[in-house]
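A quick write-up on the structure given underneath.
Nothing in this text is a laboratory measurement; each read-out follows from the coordinates by a stated rule. All values derive from a computational prediction rather than experimental measurement. Cβ coordinates were reconstructed from backbone atoms using ideal geometry, including for glycine residues, and neighbour counts include every protein chain displayed.
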Amino acid sequence: MSVLEYLMVLVKTLIYPGVIFVIILSLIYEWVDRKVYARMQNRIGPFYVGPSGFLQPFADFLKLLSKEDIVPPHVDYHVFTLSPIITLYLVLLAMFLIPTGAWNEPYAILAFEGDYILALALTTFITIFSFFAGWSSVNRFGVIGAMRALYQMISYEISMFLCAAAVALDTRTLCLSRMAEVQASGLWYILLHPLGFVVFILSMQAELDKVPFDTPEAKTEIVGGWLTEISGKKLAFFRLASDIKLFFCASLATTLYLAGPWGPLGPNILWFLAKVTFVIILVTTLRAAFARFRIDQVLAVFWKYAIPLSLVQVLIALFIPH
Amino acid sequence: MSLFEIPLGPQHPALKEPIRFIFKLDGEIVVGAEPRLGYVHRGVEKLAETRTFIQDVYLAERICGICSAAHTTCFVQAVEELLGIEPPPRAKYIRLIVFELNRIQSHLLWLGILAYEMGFDTLFMYIWRDRERVLDVLEMITGNRVLYAINQIGGVRHDIDDKIAAYMRKALSYLRERTKYYKGIVERDPTINARAVEVGILKKRDAIALCAVGPTTRGSGVKFDIRADDPYAALDEVPFNVVVYDTEDVMARTLVRIDEILESISMIEYALDHMPSGDIRVRVPRVVPAGEAVSRVEAPRGELVYYVRSAGGEKPERVKVRTPTLANIPALCKMLEGAYVADIPVIVASIDPCLACMDRAIFVDVSKEKVWVWSERELRRYSLRWYRSREGVRRR
């Protein structure tokens, strides 16, 4: 490879569409989420920092970084301090697997047969590290929140993965970029798998700890759940990680059901961003329209309705191939 | 899993005011709840003895910001009874109107908080936006949004003219429409139903045995409302229904309050139509003759009791206040037994706790290790022995 190609790889991983691009866009999407949520509640939302307050998430992030870094006594020091860093690393890694259509390329930075399985595995690890953070903080609310995160995980992940499996069965590939490409030439999977899309968005809501499934960090019940003892830089990292996770989950839904970056004129980043924005606004709307479920009710929703429905979707994909 | 103790409060996001509970948990289920009160003790009762009756009206108002009309009405009625005077009929109607506006405001505030505790922030924001309309009306009548300062001994301070009445009717019909809409949401929304139906059960017999008051007891099917049982202000002339639901859960208490808002709106409209003309206050002497009086009103949270004793001077000799939240605490502990951790905030909110009003009395902790039953005679004997053994502490 020539020097120019090396440079190009570096630019792609670090700047566009890599780390810096993802971080900036995630923070902007946090603003979209907050603004839409506020407008739905008849509030103004952030409006002070930058035009229409769109720099507010950046300001919040910087403020948290400048706060004192507190490690309470009795915590499991290494797990407690490492889990925010590892979580951030894992979500960033997951974003590399998503075909964004940057530079009009159809494939993601990291695209190989089987990256689909890696992407789903990473979502599990992210939740497990939030459990570690809560558990290692030795705070009563933290421990309860951590336990709830795990309880919840063993329900929504199953329905989420089954819906994703139905798409993989239909497209006959385990590469996310290929999945998006297959849809470009045919119908989008939101039309072929409408049931799967609905259940996937529902499970995503739980994956992202959003109302009505925000039991692990239910603030009126258990203060901050697994986040209770996390403050300062660690909180900044976890919040950034959760923003990127929102971006990642929305782009996963886009890739699986909305043909990723593909539009009428080939792969393009603008198509991708428009679709991701649509999914995020969908998530925000759901968040504004419901009250919080109890943890036992969360499990009931998924085991009684979501998982059977996703199994139906798998059967449909098995017997009626497109 | 062994029993796990979890503290709630004095500072907690679900609590707007300080109180502490220690919950014993078995997994996610509450086995026992122990309250600890007294974090906002302000010595109001002692302070009342050092001020004149007229000053005490304003002190009573500051016991609670949310039900300030209830406190002043109750105190003023007790003093009027001591003086042996009757306020003019128009003053009674104005008192009733402000009182019921106060109830609407308080119930809407509570409904918003309940939605917030359930994690339903959208409903919370909408309800609080509509609550502003009631506050506007109250501001128009009295000049204040929170501490109305409308009641005085012998009548009220401000009249309601036609302009205010017209504005009020408009606001009330808007509120009626909105309240009906919110009732529909509460009844139909699946997530609210999941969090409120069959949660925080208070059986009818427990509600009676533990002396619960207000919407808490009316949600358990007990028809107990001071407005009907012991009418005050102009309540004997204004028709209304006592709202009772008998499903004994948080949903019942919610619906009781929503229906009470609708009842209050009709009451105010009736009162505006039938308001007699005339003076709004009578002149009263500053010196109150010796004697004692008890006054009760149905505050938004339940029965509020004032006891006032005068030794024949400008200042009261003793003022005792019993607020509804205090009466509901034993019932609250009963409701919490067997609940899920996730239901704690909703159940605590369901009695509409107003802790700053409550913290005046001194509480004695009874050791939980020993359980014994005392008959009335044994209790009396114990108390006599207790007083005899402590020379310095003697009942006056």
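How would you rank A:I23, A:I222, going from fewest to most other Cβ atoms within 10 Å of each one's own Cβ? Don't skip to the end; give the middle numbers.
On the way: A:I23 19, A:I222 30.
Going from sparsest to densest Cβ surroundings: A:I23, A:I222.
So what's the back-of-envelope 222 nm ellipticity for chain B, counting only DSSP H runs of four-plus at -39500 (n - 2.57) apiece and dividing by all residues, rounded to 500?
-15500 deg cm²/dmol
Quick one: Cα centre-to-centre distance for the range A:276-322 and the range B:88-136, in angstrom?
Between the Cα centres of the range A:276-322 and the range B:88-136 lies a distance of 37 Å.
Listing A:K234, A:K12 from the residue with the fewest other Cβ atoms within 10 Å to the one with the most, what is the order?
With the fewest neighbours first, A:K234, A:K12 line up as A:K12, A:K234.
If the cut-off is 22 Å between C-alpha atoms, which lysines fall inside it for A:K63, apart from same-chain ones fewer than 8 positions away?
Candidates past the 8-residue exclusion: A:K35, A:K219, A:K233, A:K234, A:K245.
Name the long-range amide H neighbours of B:R318: under 5 Å, sequence gap of 5 or more, or other chain; modelled H, no Pro or chain starts.
When sequence neighbours closer than 5 places are left aside, the close amide H contacts are B:R309.
Can you give the longest run of chain A that contains no GluC sites (Glu not before Pro) sitting in a DSSP loop with at most 12 other Cβ atoms inside 10 Å? Don't jump to the answer; show the numbers that get you there.
On the way: sites that count: A:E68, A:E113.
Longest run free of exposed loop sites: A:114-322.
What ranking of B:D249, B:D230 emerges when the number of other C-beta atoms within 10 Å of each C-beta is taken as an exposure proxy, fewest first? Intermediate values should be presented prior to the final figure.
On the way: B:D249 20, B:D230 14.
Starting with the residue having the fewest Cβ neighbours, the order is B:D230, B:D249.
Using DSSP H assignments, which helices in chain A have an axial alpha-carbon span of 24 Å or above and a mean Kyte-Doolittle hydropathy of 0.0 or higher? All intermediate terms of the calculation are to be shown ahead of the outcome.
On the way: long enough: A:19-40 (31 Å, 1.12); A:77-96 (30 Å, 1.80); A:115-136 (31 Å, 1.44); A:140-171 (46 Å, 1.02); A:232-257 (37 Å, 0.77); A:269-289 (30 Å, 1.95).
Helices meeting the criterion: A:19-40, A:77-96, A:115-136, A:140-171, A:232-257, A:269-289.
First measure r as the distance between the Cβ atoms of A:Y16 and B:R188, then evaluate 1/(1 + (r/R0)^6) with R0 = 45 Å and state the FRET efficiency to the nearest 0.05.
Working: r = 48 Å, r/R0 = 1.06.
It comes out at approximately 0.40.
Mind checking which lysines have their C-alpha under 18 Å from B:K315, skipping anything on the same chain fewer than 8 residues away?
Filter leaves B:K46.
As a test of the formula, what do you get for chain A when each DSSP H run with n ≥ 4 contributes -39,500 (n - 2.57) and the sum is divided by the residue count, at 222 nm and rounded to the nearest 500 deg cm²/dmol?
Numbers: 14 runs with 216 residues, N = 322.
Mean residue ellipticity at 222 nm (helix-derived): -22000 deg cm²/dmol.
What percent do you get for the relative contact order of chain B when only Cα pairs under 8 Å and 6+ apart count?
Details: 686 pairs, mean separation 95.0, N = 396.
Once divided by the residue count of chain B, the mean separation gives 24 percent.
Which FRET efficiency, nearest 0.05, do B:K204 and B:D161 yield, Cβ-Cβ r, R0 35 Å?
Values: r = 46 Å, r/R0 = 1.30.
After rounding to 0.05, the efficiency reads 0.15.
How large is the dipole of the range B:44-327 about the Cα centre if only Lys and Arg carry +1 and Asp and Glu carry -1, each at its Cβ, rounded to the nearest 20 debye?
Details: 39 positive and 41 negative charges, 88 e Å.
So the magnitude is around 420 debye.
Taking 0.36 nm per residue of separation and subtracting the Cα-Cα distance, what length does fully extending B:D229 through B:K180 add? Mind showing how you got there, number by number?
Values: separation 49, 0.36 × 49 = 17.64 nm, distance 2.73 nm.
Full extension from B:D229 to B:K180 adds 14.9 nm.
Could you please state, rounded to a whole Å, how far the C-alpha centre of the range B:164-206 is from the C-alpha centre of the range A:27-80?
34 Å
Under 11 Å from the 7 Å Cα→Cβ point of B:V287, by amide nitrogen: which residues of the range B:310-327?
B:312-314
Roughly how big is the range B:1-116's charge dipole about its Cα centre, with Cβ charges of +1 (Lys, Arg) and -1 (Asp, Glu), in debye to the nearest 20?
Numbers: 12 positive and 13 negative charges, 57 e Å.
Once rounded to the nearest 20, the dipole reads 280 debye.
For chain B, which span is the longest to avoid every loop-located (per DSSP) member of GluC sites (Glu not before Pro) having at most 11 other Cβ atoms inside 10 Å? All intermediate terms of the calculation are to be shown ahead of the outcome.
Details: sites that count: B:E369, B:E391.
My reading of the result: B:1-368 is the longest stretch.
Dividing the convex hull volume of the Cα atoms of the range A:30-119 by its residue count, what figure in Å³ per residue is obtained?
Numbers: hull volume 17.6 nm³, N = 90.
Measuring per residue, one finds 196 Å³ for the Cα hull of the range A:30-119.
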